[in-house]
Each structure stands twice: as structure tokens, then as C-alpha cells.
Amino acid sequence: MSVFPKAGAFFPAFAVRRLAAARLPAFLLLFALLCAGPAAAAQRDGIYPGAELFSKTPLLTIAYCAETLGQVRPCASCGGKLGGLARRAGFIAGLRQEAAPLLFILGPGEFSADLAAAGREQRAREGQLPVEQDESAADAGKVMAAYAALRPQAACLSPEAGRWFRAGRVNIPEFFVPLSKMDGRAASRIVEIGGRTVGLVFFAEADGGLEQARAGALFAGRQLLPRVHLLVGVSPWGFAAEKDFLPEGAGLFHILLGGGSGPGFAVASSAQAGEILWARPAAAGVGVNVISLYRWPEAGPLRWENGLSFEARQEFLGPGLQEDPEIARLFAEP
């Protein structure tokens, strides 16, 4: 049975894009845009054929942060208006109170020690990264205390960050996944959540060559896919390399969470014709990527359609968010 509405029904999102491409009169396009939102909700509410494939409420919510680069307080370059680990913790606490089970993942580039990796230090000097270090970010004990309080199910740990924590005699929690740097081997984790299993593949950094890292990611994904209901890749490669990976990754990975250089966005809606969800983080910890799934891929052939099988947003952490008081005290101004 088709998951799309019959002819004559309200326009779903993909039909609106086709109408726009056809350059219809403005009033018709406006009508289609107004109907697109109700159409998505109606699909899940059972009005259209195929609605049984979609849940009316999220089955799983994924929260993702990466490339914070030690910006533990609100972003100085933003005038202190966005970001900070205390706001992040408050936002994540709110997501945990919602009905959908939450999978919280921390990607690459979270720590000040990561500035030395993947050319980030040069980009910071050139003003391409809105990062200004402070003394709190240099205190490995405080930083780890804050990240332990965030309680992610899995988090990337670069070799540089691992050495930094060990030099500070800081215990590293088990949720951290050490990244490979030179041999291309990807690391894997399986998370049990919401009555399903989610496989996480943490791609190796590309210092030993991008082709080697790509081969390692594909190998790990193929090994893990038969054992899980959802397969998520986490990449430190940057926008360009991730975009080039999409044709190979689609059909294997259901979701690709990016990292490294390049823009952040909630989702690339056209990624491999909807076969793979690709999201990238906002730099300097100013936001959280949130993806809500209304269908598990196991339900059959799936074309990700925003508003139907998933919804994605990038939530920016502004002053109106309640801060976690313990983390706020850790990084309070002297």
C-alpha cells in the first residue's frame, strides 16, 4: 500500500516542492504551503491510506551535539546569548520528561583539546570558529563533571581529548567511545531503547586517509545492521566528505550525524532522495539537533519524509532556557 495520499487530497510536503518547481501562480503555491502541515499530521492521524505505517507520537527522539570545542559557557562571540553546557543540560532534561524515549549522543569535537585535531586550531585563528577559550574549559575535572551530569548514552572521545583527561587524572565514564585516528577502524555501540536496538557507528578520523576511514565505516555498518532496528553513523569528517559519502552510506545507514568543518543544519531533506537522514551540529555548542522518528525502518521500505516519518529541528539554546544549577555553578564567573 502506498504511503502517499490519493489524488485530490491535501498536498504533502514533497508535492509542494514539485508545485514550486512547476512555477504555479503564487496563490496556488500559498494554498499548497498552508495545506502541507495539516497533511503531515493527517497522514499520521489515519486519514490517508498508509497511515498505519506511522505512529501518532514519536517512537524515538534523538538529541545530538558536536563541535562544542570547549565552549562550556554561553558563546562569547554571540554576546552570551546562545549555548552553554548548563542550558544544554536543562534542555535535555526537558526532552527526558516527554513521552518518547530519548537517545542522547555527543559527537566529535566537544572539548578544548579537540582544537588541535582536524585543522580546527587554524580555523579558530582565522575566525572561522566562534570559539573563545576560558579557564573553566581548561579544567578537565570540571568539564568531565559537567559531561557526566549530561548522561548521554554515547559520546565521542578523540585521542587528543583522551590524553587531556588522563593527564588531569580524570576518570573517563564508559559512555565515551574512543575514536580511531590512523587505522580507519570505526567503533560501534548498541543501545537498547524503546523496546528496540539502535546501532551507533563512530567513524574514524581521517588522519590515516579518508578512503581508509570510509571503508572502516562501511565495514562496521554492515557488521552491525543485521543486529539492530536502526543504524546511525557519527562522522568527524566535515561537510564535503560526508556529502560525498552519502551515495555509499544510503541503504546501509538510516541516519548520519555529522561533525568537523562545515555548516550545521537540522536535516538535509534531499540526501539521497530521502534514503538517509543527514544532520549536522551548530558550532560552539549553541544548539541541539533533535530528530523525532514516527516509524522504525523495519516496518518496510522507507523514504524519509519530513513531517511524516520524522521531524527534525535545530534548537538554539537561548537565555529563556532553564539552566542546570549544578553545571551553572561549575562554570560560574569568578
*Which numbered condition GLU192 misses (of (1) buried (at least 19 other Cβ atoms within 10 Å of the Cβ); (2) in a strand (DSSP E or B))*: (1)
*Filter region 72-96 down to residues that are surrounded by fewer than 17 Cβ atoms within 10 Å (Cβ to Cβ) and part of a loop (DSSP other than H, G, I, E, B), then give me how many there are.*
3
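Only the coordinates and a few stated rules stand behind these numbers; no lab work does. Quick caveat, the model's predicted, so the values are computed rather than measured. Heads up, the Cβs are rebuilt from the backbone with ideal geometry, glycines too, and the neighbour counts pull from every protein chain shown.
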